[in-house]
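For reference, the structure is listed below as structure tokens.
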Amino acid sequence: MRDEPQASPYRADPKILDLADWLADPVEAAEFPQALLRFRNDRWAPAVGLGGLSDAEWIGHFARFRPLPDNLPRPLALRYHGHQFQSYNPDIGDGRGFLFAQVRDGAGRLLDFGTKGSGQTPYSRFGDGRLTLKGAVREILATEMLEALGANTSKTFSVIETGEELVRGDEPSPTRSAVMIRLSHGHIRIGTFQRLLAHEEKAQMERLVAYCLEQFPGPPPPADAPGRDEPAVILLHQVVARLADLAASYMAAGFVHGVLNTDNMNVTGESFDYGPWRWLPTFDPAFTAAYFDHQGLYAYGRQPTAIHWNCGQLAVALRLLADAPPLIAALERFGPLFQAALTRRFCWRLGVTPQAPETDTVLLAAAERHMAGAGLAPDALFFAHRGGRDAPDGEFGELLRDYAPAAALDDALWGESGPPTNHIDEVERIWAAIATADDWAPLHQHVRAIRRLGNALGPAPEPSGLAC
């Protein structure tokens, strides 16, 4: 799902204050020695009524953290637990970020401004609460590309360089620092529910479920679903549907998130928190993004299983409110929903009209074998054969010839040598220009190219009522 932002007046609506006394801790932002505006999302700023801010006003709110009008009086560090690589950790929470403000967009949806690199909180443990500038640049690239490819993703709203020298084990150090603003439909994680279960806070769990159903509405469960009128069961059905679609969007994009922990799973189904992500250089189900993922738990081909497992942890938490059978019934929908979303998204990226589900599944499997045999990345396959053109020899090509084009190829992009990509050599080229010459032109050029790709692809398909 690729949101289309529409200009809207600024409308503050800090709904989280109704839950804040047990969901979060008030914190203070770090004071940074400098504030150099490096990226402001002029695509999304008008959608929340902030397109008219001067650069000085922007820096005042998003680096000095002066409150937005009628919004949160102080930032809030959210409390949560989580499974990290499937090991439970109760000692986490917002350690280098906080919730800064909440607003409504033109469609009436509640949007959060969350930070990354804004300083230490009660959950920082031994961390410095900072973000490297390279990490912020990578977040821009990940969110822009996923948005263009139709994934439900947070948006990188602002990046401001902050003038500190940071030491990191995975980057040449000292390295430059930044503070980032993330725009998202919510920051309620599966780990948020896990914390309430751990503390046996049933009343708070009921209030959190009610908050999610009100602020992130979705379709009702199927008519024959057991317990379909129970709020906890309704929520699980909605989260399962959203996360099945998210998993499909990763696979169709050739994207590897790298850290699919339950504290990184948003109940809105929105992808967020981009650290060691990678795009597939060639089709390989065993490809991993994180150098510390020694067992390949979050490898490309295992992402649907990992996300389904995370849905199971939400079901475990919701046992505080509901019996097991209706929750299990909701979980069992994940596989069929994922497969339907994957074939739908695959045909969309390929630019062909879907046929019967079983036929589309055969096409997808043949395409994967073709990519593996030819050493292709998904980006290359979808670009080369957009609209069913230039069907290659072999099984995939024979199947592709039976598909009717669903998309016009009149955009000049489709006549070029290839699409913009976020493969690691391109990412490092963009960062090298910044690191060695403070040259931001390659980044901004690449963002424009990615947005052009998104415009050429058009809106991704989505099941009716899935979006929050």
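Data for the structure
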read-out: Dipole moment magnitude, nearest 20 debye, the range 242-388 about Cα centre, only Lys, Arg, Asp, Glu C-beta charged; value: 220
read-out: Per-selection metrics, the range 114-253 (Cα): Rg and Dmax in Å; value: 18.8, 58
read-out: Karplus-derived HN-Hα couplings along the range 330-346 (A = 6.51, B = -1.76, C = 1.60, θ = phi - 60°), whole Hz, x at Gly and Pro; value: 5, 4, 5, 7, 4, x, x, 5, 4, 5, 5, 5, 5, 5, 5, 5, 4
read-out: The range 272-356 - percent relative contact order, Cα under 8 Å, separation 6 or more; value: 16
read-out: Ranked packing of 452-462, 337-347, 429-439, most packed first, by mean Cβ within 10 Å; value: 337-347, 452-462, 429-439
read-out: Relative contact order %, the range 15-188, counting alpha carbon pairs below 8 Å whose residues are six or more apart; value: 24
read-out: Alpha-carbon centroid distance for the pair the range 63-119 / the range 158-222, whole angstrom; value: 6
read-out: Ranked packing of 279-292, 134-147, most packed first, by mean Cβ within 10 Å; value: 134-147, 279-292
read-out: Helical mean residue ellipticity (222 nm; -39500 (n - 2.57) per DSSP H run of 4+; nearest 500) of the chain; value: -12000 deg cm²/dmol
read-out: Per-pair calculated FRET efficiency, R0 = 25 Å: Ala374 and Trp309 via Cβ, rounded to 0.05; value: 0.20
read-out: Two-site label geometry, Phe126 and Trp22: point separation in nm, points 7 Å out along Cα→Cβ; value: 3.4
read-out: Relative contact order [Cα under 8 Å, 6+ residues apart], the chain, whole percent; value: 15
read-out: Sites Asp55 and Glu398 - FRET efficiency at Förster radius 51 Å, r taken between beta-carbons, to 0.05; value: 0.35
read-out: Peptides ranked, highest mean first, by Cβ atoms within 10 Å: ranges 313-323, 175-185; value: 175-185, 313-323
read-out: Phi to ³J(HN,Hα) by Karplus 6.51 cos²θ - 1.76 cosθ + 1.60 over the range 392-400, Hz, x for Gly, Pro; value: x, 5, x, 4, 4, x, 4, 5, 4
read-out: Efficiency of FRET from Cβ geometry, Glu171 and Arg207, R₀ 30 Å, rounded to 0.05; value: 0.15
read-out: Partners for Lys15 among lysines (Cα-Cα distance below 29 Å; same-chain residues under 8 apart left out); value: Lys116, Lys155, Lys202
read-out: Length added when fully stretched, Glu31-Asn455, from 0.36 nm per residue minus Cα-Cα; value: 148.8 nm
read-out: Per residue Cα convex hull volume in Å³ - calculated over the chain; value: 141
read-out: Note, ³J(HN,Hα) from phi for the range 142-150, Karplus 6.51, -1.76, 1.60, rounded to Hz, x at Gly and Pro; value: 5, 5, 5, 5, 5, 4, 5, 8, x
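Just so you know, all these numbers are worked out from the coordinates, no wet-lab data involved. Given the structure is predicted, the values throughout are model-derived calculations rather than measurements. Glycine gets a Cβ as well: all are built from the backbone with ideal geometry, and neighbour counts include every protein chain shown.
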